[in-house]
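Read the structure below first, then the notes.
The values are calculated or read from the model by the stated rules, or taken from the named source; none is laboratory data. This structure is a prediction, so every number in the text was calculated from the model and none was measured. As a convention, Cβ positions derive from the backbone with ideal geometry for all residues, glycine included, and neighbour counts pool all protein chains shown. Just the protein is used for accessible areas: all its heavy atoms, side chains included, with ligands, DNA and RNA removed. Shrake-Rupley method; radii C 1.70, N 1.55, O 1.52, S 1.80 Å.
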Amino acid sequence: MPDPQSPSTHTPQISPFVELDRASWAALAPSMPSPLRETEIVQLRGLGEPLDPLEVSEVYLPLSRLLNLYVGGTKALHEVTSTFLRERFESTPFVIGVAGSVAVGKSTIARLLRELLARWEHTPRVELVTTDGFLFPNAELERRGLMARKGFPESYDRRALLRFVSDVKAGAPEVRSPFYSHLAYDIVPDAQITVRRPDVLIIEGLNVLQPPGPGHRLAVSDLFDFTIYVDARTRDIARWYEERFLKLQRGAFSNPRSYFHRYASLTEDEARSRARSIWQSINEPNLLQNIRPTRSRASLVLRKDADHAVSSVLLRKL
């Protein structure tokens, strides 16, 4: 009887993704000059994220080119479909979803892709919307007993988000989303973000890759043309969250209008303890229960190492 552990009988693992290490990924676009100056890259960084020109050139510039090619391919498909149907339809925005944990760096990546994509042919108009604007207002979260679960799927007005993306994909000339203030930690009444038929719309949020909920046939992720999941080890994200909390405590939290102003006077040890408590009670459970299980639904996964740098890229096979 053959040894099940012997190389001759071992079945290689089959994956729906092609995995490339960073060097192999960077080699796919070795001659593209970065269109961003170092000062622009600094402005795009999130707190505690050591984004540098090399990372932009080796990881995000090739990614922006791939996305640009996907947009071009979608436009070409639109043309042949219109010809087949013998009708002329205007093409609709190409929608990209960016998902991942709190503190993993997805907001920085979304901002960076917006700037890079806008430099490419076929995608000069790129807009970015975060799903924070579709959180229920704090008063409604309090009424539903969900304030301690802010960021979990049930804390979002998923119907409003689905309507928003549906209208964008239907080609509506203007679509509006609510505005969220991180200073107030709440939706700002009567404030809106208006999206006017961009070439590309990037939607960034924790749970944008969620499948349809019970009793629902459609999820917002069903309307995306391309999706990105930003991945890292849980222990690394926990550390990044703690360090970011300390930077906010010394900065934004010192503003008397900040929702978290009460943390501004904590000692460093107290602030670290509070950050760990929030992570362990809210952000880590949300990551493990809701966010990470959607990773396999992404078109592309960016894997980060402990230093926040992308180490490998997984691209879904076509």
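Quick one: work out the % antiparallel among DSSP beta bridges in the chain, nearest 5.
Of the beta bridges lying entirely in the chain, close to 45 percent run antiparallel.
Ignoring any ligand, DNA or RNA, what whole percent of the accessible area of the chain comes from carbon and sulfur when the probe is 1.4 angstrom?
Carbon and sulfur atoms account for 53 percent of the accessible area of the chain.
Where a Cα-Cα gap under 14 Å defines reach, which aspartates and glutamates qualify for Lys106, not counting those fewer than 8 residues away within the same chain?
By straight Cα distance, Lys106 reaches Glu49, Asp132, Glu204, Asp231.
Select from Met32, Ser265, His216 the residue farthest towards the positive end of the dipole of the chain; place +1 on Cβ of Lys and Arg, -1 on Cβ of Asp and Glu, and compute about the Cα centre.
Going by the charge dipole, the pick is His216.
Which value in deg cm²/dmol, rounded to the nearest 500, describes the helix-derived mean residue ellipticity at 222 nm for the chain, given -39,500 (n - 2.57) per DSSP H run of n ≥ 4 and division by the residue count?
Theoretical 222 nm ellipticity from helices: -9500 deg cm²/dmol.
Suppose every K and R has +1 on its Cβ and every D and E has -1 on its Cβ; what is the size of the dipole of the chain about the Cα centre, in Debye to the nearest 20?
The calculation lands at about 560 debye.
For the stretch 247-258, just list the computed ³J(HN,Hα) in residue order, Karplus coefficients 6.51, -1.76 and 1.60, θ = phi - 60°, integers in Hz, with x standing in for Gly and Pro.
Karplus values, whole Hz, x for Gly and Pro: 5, 5, 4, 7, x, 4, 5, 6, 5, x, 7, 5.
Enumerate the amide H contacts of Ala232 below 5 Å, restricted to partners 5 or more residues apart or on another chain; note that Pro and chain-start residues carry no placed amide H.
Lys304
Kindly sort Lys169, Lys247 by accessible area of their heavy atoms, largest first, with the probe set to 1.4 Å.
Highest to lowest solvent-accessible surface, that is Lys247, Lys169.
Amide H neighbours of Ile193 under 5 Å, at least 5 residues apart or on other chains, H built in the peptide plane: list them.
Residues meeting the amide H criterion: Ser177, Phe179.
Apply the a/c threshold of 1.5 to the C-alpha gyration tensor of the stretch 61-141 and tell me whether it is rounded, prolate or oblate.
Verdict is oblate for the stretch 61-141.
With θ set to phi - 60° and the Karplus curve 6.51 cos²θ - 1.76 cosθ + 1.60, what are the ³J(HN,Hα) couplings of the stretch 33-38 in order, to the nearest whole Hz, using x for Gly and Pro?
Once θ is set to phi - 60°, the couplings for the stretch 33-38 become x, 6, x, 9, 7, 4 Hz.
In square nanometres, what is one fourth of the surface area of the convex hull spanned by the alpha carbons of the chain?
21.8 nm²
Accessible area per residue, 1.4 Å probe, Å², for the stretch 90-316: what's the number?
Averaged over the residues of the stretch 90-316, the accessible area is 46 Å².
Once phi is turned into ³J(HN,Hα) by the Karplus curve 6.51 cos²θ - 1.76 cosθ + 1.60 with θ = phi - 60°, what whole-Hz value does each residue of the stretch 162-167 show in order, with x for glycine and proline?
Whole-Hz 3J(HN,Hα) from phi for the stretch 162-167: 5, 4, 4, 5, 4, 5.
Can you list residues from other chains, or at least 5 along the same chain, whose modelled amide H is less than 5 Å from the amide H of Glu204?
HN-HN under 5 Å from Glu204: Val98, Val129, Thr130, Thr131.
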